[in-house]
Amino acid sequence: MSKSIIVIGGGPAGLMAAISASSRGALVTLLEANDKPGKKLLATGNGRCNFTNIEQGKQYYRGSDPDYAMGILEQFAMTDTLQFFSKLGIYSKNRNGWMYPNSDQATSVLDVLLMEAAYRKVKIKTREYVKEILPSKEGWTAKTDTWEYHGDAVIITCGSPASNVEGSRDWGMKVANGLGIKTIPMLPALTGLRGNGNNYSRWAGVRIQGEATLVLNGAVMKTEAGEIQLTDYGISGIPVFQLSRYAIRALEERCSVVVELDFLPDFTEEELYFNIENREENCPYKSLPEQLIGLLPSKLIPVVAPKEADIREIVRNCKQYPVSIKGASSLQQAQVCSGGVLTEGLDAHLQSLQHPGLYFAGEVVDVDGACGGYNLQWAWSSGTVAGRDAAKERV
């Protein structure tokens, strides 16, 4: 007799869980709170859907136990993802390892997933907000305002409260906490960082190739390179995104958090010092700030070269400009959250050790990835692993 499975949440992990379980003979009902599934998927990669990355490794997955994440990814790897979507019709393109559909449209990825789910006879119920789930003699019951759904297993894939997409919420965390499953608070990740003070409007709008170094309690923790965006609240851009989860979790632990910006990574401090001295020799009629024209964006020059600053101070500002961090730009602007259901309470297939038949997958689990398609790879892998295991017949 076929197993019946309830999937709660129609995002990437939920759709993969539903497809994987149904392809193994399970009868699957997917409950989605929004009017249609996959809304958050449509926003990924600025609508182009960076759906995985050629380069994989533990360093790209964060959480309390990155080794656990790698164990899931070994069961459904990046190569499996490419093969799966290729079979569904997605021809992929490679941008320095970041993989996109050739159409450059996230809608393509969502469309083929929904068509596959329909082919596999997955019942997708939209506008169904699950109020609670309860264990029963037969398995599990999911209660909504209008119905009670019964299944042998439940897979919770309802994501996190990150992003401004309707329906983003921490419901999965509340379910876990209510059942005594250990969690860690969800905090914004892959987001801009808000600086202390209110003088950032002077550099707002500047984009510059540079390096951002995270300094926690005075100790250098991590450096990221790329285009840094200077904003009216502080700093943003991919290098900042990559550091943000560590910065925000450190703030939660009451650490001192500073990001030092290197606006001229091609120079050492001494090279920059002599470069500016040489500029003074060539153009003695220019002020010190004017010597920086052509070296830095004009809007940034008064920031690194205030009045009365000497060459050494200017060099230090160019190479180690400190931004004291007070928080994330906003939860709504974050791409994902760190934290979630602790993996120590899950088996090797994302099933709760305390509650057999209850699975968690996707962002609700304490695994978050770096920029570059890693969070979607985690969604594909964790959804598939949970769906496959839930569909197994137990002896």
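The values are calculated or read from the model by the stated rules, or taken from the named source; none is laboratory data. Everything quoted here is computed from the prediction, not taken from an experiment. Here Cβ is always computed from backbone atoms with ideal geometry, including for glycine, and neighbour counts include all displayed protein chains. In case anyone asks, the SASA skips ligands and DNA or RNA and just uses the protein heavy atoms, side chains included. Shrake-Rupley method; radii C 1.70, N 1.55, O 1.52, S 1.80 Å.
Brief remarks follow.
- Filter pass, Lys36 being under 15 Å from the mean Cα position of the chain (by Cα) and either more than 22 Å from Gln75 (Cβ to Cβ) or aliphatic (A, V, I, L, M) (or both): no
- Leading residue by the ranking (surrounded by the fewest Cβ atoms within 10 Å (Cβ to Cβ)) among those in region 183-233 that are touching a Phe, Trp or Tyr at 6+ places or on another chain (Cβ under 9 Å) and of a type in the set (Lys, Arg): Lys222
- Among the residues here, Ser287 does not qualify as small (Gly, Ala, Ser), open to solvent by 10 Å² or more (accessible area, probe 1.4 Å) and within 22 Å of Ser201 (Cβ to Cβ).
- Counting only strands (runs of 3 or more DSSP E) that fall entirely inside region 109-169 and contain at least 1 residues that are surrounded by fewer than 21 Cβ atoms within 10 Å (Cβ to Cβ), the qualifying elements are 123-125, 132-135, 140-143, 148-151.
- Region 6-53 - residue that is of a type in the set (Val, Ile, Thr) and in contact with a Leu (Cβ under 9 Å, 6 or more places away or on another chain) and, of those, modelled with the lowest pLDDT: Thr44
- Some residue of region 67-87 being closer than 29 Å to Tyr149 by Cβ, in a loop (DSSP other than H, G, I, E, B) and open to solvent by less than 20 Å² (accessible area, probe 1.4 Å): yes
- Taking residues in region 173-197 that are among the small types (Gly, Ala, Ser) and assigned to a loop (DSSP other than H, G, I, E, B), and partners anywhere that are open to solvent by less than 30 Å² (accessible area, probe 1.4 Å) and at pLDDT below 95, the pairs with Cβ atoms closer than 8 Å and at least 6 places apart or on different chains are Gly192/Ala328; Gly192/Ser329.
- Annotation note: Cβ proximity below 6 Å between a residue of region 62-91 that is within 26 Å of Asn102 (Cα to Cα) and a residue that is surrounded by 15 or more Cβ atoms within 10 Å (Cβ to Cβ) and of a type in the set (Ser, Thr, Tyr) (sequence gap 6+ or interchain) occurs for Leu73/Ser381; Phe76/Ser381; Phe76/Thr384; Met78/Thr52; Thr81/Thr52.
- Flag set for Ile293, criterion: open to solvent by 50 Å² or more (accessible area, probe 1.4 Å), out of contact with any Phe, Trp or Tyr (no Cβ under 9 Å at 6 or more places or on another chain) and of a type in the set (A, V, I, L, M, F, W, C).
- Some residue of region 324-345 being over 30 Å from Val220 (Cα atoms) and surrounded by fewer than 24 Cβ atoms within 10 Å (Cβ to Cβ): yes
- Whichever residue in region 39-56 is within 16 Å of the chain's Cα centre (by Cα), of a type in the set (D, E, K, R) and surrounded by fewer than 24 Cβ atoms within 10 Å (Cβ to Cβ) and, among such residues, is nearest to Ile156 (Cα to Cα): Lys39
- Counted residues, region 250-270 - those being in a helix (DSSP H, G or I) and either of a type in the set (Asp, Glu) or surrounded by 20 or more Cβ atoms within 10 Å (Cβ to Cβ) (or both): 3
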